[in-house]
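Everything on this sheet refers to the single structure shown next.
Derivation of every value follows stated rules applied to the coordinates shown; laboratory data play no part. Model, not experiment: these values are computed from the prediction. In this analysis, Cβ positions are derived from the backbone assuming ideal geometry, glycine residues included, and neighbour counts consider all displayed protein chains.
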């Protein structure tokens, strides 16, 4: 049961990383549009937070196994 949960969380973290990268790419494309200008720093910090959490999760899994 715990092993399935671990795999599920791994899939979610990978999907979030891909999604974060796509959002950052679209924000780069839409950067000239002023209505997105105040949203971009928030999304970038959110993306880095997701990356950090995924890294911590990966390290935690290696220590546990």
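Taking the highest mean first, how do the peptides 5-11, 43-49 order by number of other beta carbon atoms within 10 angstrom per residue?
Top to bottom by mean Cβ count within 10 Å: 43-49, 5-11.
Given 0.36 nm per residue, what is the gain on full extension from residue 4 to residue 57 after removing their alpha carbon distance, in nm?
Difference between extended and current length: 17.6 nm.
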